[in-house]
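Read through the structure below, which is laid out as structure tokens, and then see the notes.
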Amino acid sequence: MKRIVIVGASAAGLTAAETLRRRGWNGELTLIGDESRPPYDRPPLSKQILTGAWQPGRASLRTLRDLDQLKADLRLGQRAAAIDVPGRQVHMDTGESVGFDGLVIATGVTPRRLPDSDLAGVHVLHTLDDALALRAALLAGPGVVVVGAGFLGTEVAAAARVMGLEVTVVEPEPVPVRRPFGDRVGELVADLHRDHGTRLCCGVGVRRLNGAGGRVTGVELGDGTTLPADVVVLALGSTPATGWLSGSGLSLRDGVECDALCEAAPGIYAAGDVASWVNPHFGTRMRLEHRMNATEQAMAVAGNLLGDATPFAPVPYFWTDQYDTRIQAYGIFPPGAEMRIVYGDPSDGHFAAAYGHHRRVVSVLGWNAPRQVRTLRRLVVDRAPWAAFAATPERSPAIVN
């Protein structure tokens, strides 16, 4: 293998490039990224960058000198437009083509938007430029409506409240973060935000955004209520950035579909948020938009490009920081999983929980309990039987809906 091309220059793409070099591969390496900025970390965007606790440069993953040491053809501010799988070519939007023997697709995701949301004052948060634009808008002291109460929406709401702003969160589910964690933890997150002065409108969707003179003025809800707004943040989730792969012949149902080696076609791999692969540890296909997965999967992909042929079977890890609370989780949270508190008490603001599904422990969660949740991770790694938990008295049972 003489030439490897990596499309996507964020955490996954950069990690793949560095792993190849660290493993001693000295062939031609091209790293393509559609942003002109050097690679940077995304988790701080909704927290430290948004509040101003960090200057933008602190989010950088590597210095320009570090990038030079990769000895790569670094193409920042350039966009891949298509690939020719049989011809082993990446076609750029400039009309140029780049040949490859091995290819890593690490193009991540793009944020969802509402129809007719192209109004001044309406923001999404995905890039560093997005974060800086949103911070500039928040510094004017506006009334803020956040649409969506997943991780991103609740983190943005927390940051805006820390800045002293009036914030309303709109969420069609009954509680925040319900899809990953279920009703019980969702209720605790709702209480956390209410305790810090955030208004929650749960169980109702958005009908439309209202505007005047090209600027947003409010958010009209499905029940007819209109929330006045100077700034609206759309945190509606994301879709895999696979449009440029249309017509390639790759399977693209929910991201780039890969096998357990993260291989989508011979010599073509995917890593990070865009990759859908079969995780042998859980026996299911998954696609994860978690920072740690981007790094771990990129390392695995680089190794498999070099011949390791090792299935990628991680126990996923992710976290969210909101106010003075850190929620950490290992594993997966399938619908219908049973939850039991195994350490501490939610009323004290420190607890850990285990989740069972199909008679096995499939995940653990810690609420301000980092040491305990790291210890409990072993239950997920070992696929521990759920029966031991099911047989104990139910102190704080719940079902993940």
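Summary table
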item	result
Residue list for region 55-73, restricted to those being under 30 Å from residue 160 (Cα atoms), without any contact (Cβ under 8 Å) to a residue 60 or more places away in the chain and either basic (Lys, Arg) or surrounded by 15 or more Cβ atoms within 10 Å (Cβ to Cβ) (or both)	58, 60, 61, 62
Those strands (runs of 3 or more DSSP E) lying entirely in region 74-181 with at least 2 residues in contact (Cβ under 8 Å) with a residue 24 or more places away in the chain and open to solvent by less than 30 Å² (accessible area, probe 1.4 Å)	80-84, 89-92, 97-99, 102-105, 144-147, 167-171
Subset of region 291-334 (residues that are part of a strand (DSSP E or B), more than 17 Å from residue 179 (Cβ to Cβ) and in contact with a Ser or Thr (Cβ under 7 Å, 6 or more places away or on another chain))	330
Residues being open to solvent by 40 Å² or more (accessible area, probe 1.4 Å) and either of a type in the set (A, V, I, L, M) or within 29 Å of residue 89 (Cβ to Cβ) (or both) - total across region 36-54	4
Test result for residue 374, open to solvent by 60 Å² or more (accessible area, probe 1.4 Å), closer than 30 Å to residue 7 by Cα, of a type in the set (Lys, Arg) and over 16 Å from the mean Cα position of the chain (by Cα)	no
Residue in region 78-92 that is within 20 Å of residue 304 (Cα to Cα), modelled with pLDDT of 95 or more, within 24 Å of the chain's Cα centre (by Cα) and among the small types (Gly, Ala, Ser) present	no
Qualifying residue in region 325-342 (condition: among the aromatic types (Phe, Trp, Tyr) and over 30 Å from residue 101 (Cα atoms))	yes
Some residue of region 12-31 being touching a Gly at 6+ places or on another chain (Cβ under 8 Å), among the hydroxyl-bearing types (Ser, Thr, Tyr) and closer than 19 Å to residue 263 by Cβ	yes
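For (1) in contact with a Gly (Cβ under 6 Å, 6 or more places away or on another chain); (2) open to solvent by 50 Å² or more (accessible area, probe 1.4 Å); (3) in a loop (DSSP other than H, G, I, E, B), each residue gets a yes or a no:
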| site | (1), (2), (3) |
| --- | --- |
| 209 | no, no, no |
| 218 | no, no, no |
| 236 | yes, yes, yes |
| 254 | no, yes, yes |
| 276 | yes, no, no |
| 281 | no, no, yes |
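The values are calculated or read from the model by the stated rules, or taken from the named source; none is laboratory data. Small disclaimer: the values here were computed from a predicted structure and weren't measured. Ideal geometry is used to build each Cβ from the backbone, glycine not excepted, and the neighbour counts take in all protein chains shown. These area figures cover heavy atoms from the full protein model, side chains too; ligands, DNA and RNA do not enter into them. Shrake-Rupley method; radii C 1.70, N 1.55, O 1.52, S 1.80 Å.
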